[in-house]
1. Just to be sure I understand the filter: pairs with C-beta atoms under 7 Å, separated by 6 or more residues or on different chains, first member in the range 122-146 and free of Cβ contacts under 8 Å to residues at least 40 places away in the same chain, second member part of a helix (DSSP H, G or I) and small (Gly, Ala, Ser). Which pairs pass?
2. Of the residues that make up the range 31-45, is at least one assigned to a helix (DSSP H, G or I), touching a residue at least 40 places away in the same chain (Cβ under 8 Å), touching a helix residue (DSSP H, G or I) at 6+ places or on another chain (Cβ under 9 Å) and surrounded by 10 or more Cβ atoms within 10 Å (Cβ to Cβ)?
3. How many residues does the range 161-187 contain that are assigned to a helix (DSSP H, G or I), of a type in the set (Gly, Ala, Ser) and over 23 Å from the mean Cα position of the chain (by Cα)?
4. Only one of Met142, Met211, Met129, Met216 is closer than 30 Å to Ala43 by Cα, open to solvent by less than 30 Å² (accessible area, probe 1.4 Å), out of contact with any Lys or Arg (no Cβ under 9 Å at 6 or more places or on another chain) and not small (Gly, Ala, Ser). Can you tell me which?
5. For the structure I just gave you, tell me whether Val153 is aliphatic (A, V, I, L, M) and open to solvent by 60 Å² or more (accessible area, probe 1.4 Å).
6. Identify the residue in the range 66-113 that is over 19 Å from Ala206 (Cβ atoms) and of a type in the set (Val, Ile, Thr) and, among all such residues, is modelled with the highest pLDDT.
7. Would you kindly identify the helices (runs of 4 or more DSSP H) lying entirely within the range 78-157 that contain at least 1 residues that are more than 21 Å from the chain's Cα centre (by Cα) and of a type in the set (Phe, Trp, Tyr)?
8. What is the number of the single condition among (1) touching a Gly at 6+ places or on another chain (Cβ under 6 Å); (2) within 21 Å of Val197 (Cα to Cα); (3) among the β-branched types (Val, Ile, Thr) that Thr65 does not meet?
Amino acid sequence: ASCINISGIEMLKRLRPFVFPALLVAALELWARTVGAGSDAVAPPSAALRAFAAALTDGSLLAATGFTLASAALGLLLGGGLGVALGTLLGLSPRAARLGFVSVELLRPVPSVAVIPLAMLVFGFGLRMEVSVVAFACLWPMAMLTQAAAQQVEPRLLEVARALQMSPWQRFAWIVGPAMVPRLFVALRLGVAIALVVAVTVEIAANPSGMGYAMMIAQQSLDPALMLAWLLWIGVVGFAINAGATWLQQRVARRMGEGAA
């Protein structure tokens, strides 16, 4: 009996974070069926669930989700890779930081949506345009966080690397990189969130593909149930991606701790 009670308490603790979202969905369902009944702008979550099932059945959900995730992943890979390289250079070389200060501070505040017209002129509509905007959005936060991580590397480790006459690549692979890994995961989690947000924004604003475009089509078709279904699905996808990044961060940190031990 005591084991059953303990397992029940553990289950309640795990379900606790979902209580407020469940209450919010129930309140929206009640409001949409009473006060907002017949509205062209709001649909009850139950109708959104039926619209979600229909989109899943006809394949449009998976196709749009795949396009958005591919664009976000490629943009994050491109922008994040450049950001890590740039941030490492700026963090380890005070001279490079001084030379690049003006350029970085001029480009970093530019909103990613402001790059959409330029990207459309260069690439037109499609995957390349969206990837380029996502890469631009991910580049600067990844670079700034990487620069901060590189600046916090223990100076004595760098002195040892110089004494051993390591090449720049060996210095990064054996000393700087492992020391930066915990902070780089913070940058990665931020970059993942930015990539998804910007990808959906580009699809809503300009690119006729992906989850953002599907949500806009639902809105223009006066189908609030499908629009709400897409909105909730985007939230679920974002939650799952963040949970995966957190799991990966914890796993890598655990392995590094075991290696150090």
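1. Filtered contacts from the range 122-146: Phe123/Ser132.
2. There is at least one residue in the range 31-45 that is assigned to a helix (DSSP H, G or I), touching a residue at least 40 places away in the same chain (Cβ under 8 Å), touching a helix residue (DSSP H, G or I) at 6+ places or on another chain (Cβ under 9 Å) and surrounded by 10 or more Cβ atoms within 10 Å (Cβ to Cβ).
3. So the count comes out to 4.
4. Met211
5. When the stated conditions are applied, Val153 does not pass them.
6. Here the residue is Val84.
7. In the range 78-157, the matching helices (runs of 4 or more DSSP H) lie at 94-107, 116-123.
8. That leaves (1) as the condition not met.
The values are calculated or read from the model by the stated rules, or taken from the named source; none is laboratory data. In this text the structure is predicted, and so the values were computed from the model without any measurement. Methodologically, a virtual Cβ is constructed for each residue, glycine included, from the backbone with ideal geometry; neighbour enumeration extends over all protein chains shown. What goes into the accessible areas is simple: the full protein's heavy atoms, side chains included, and nothing from ligands, DNA or RNA. Shrake-Rupley method; radii C 1.70, N 1.55, O 1.52, S 1.80 Å.
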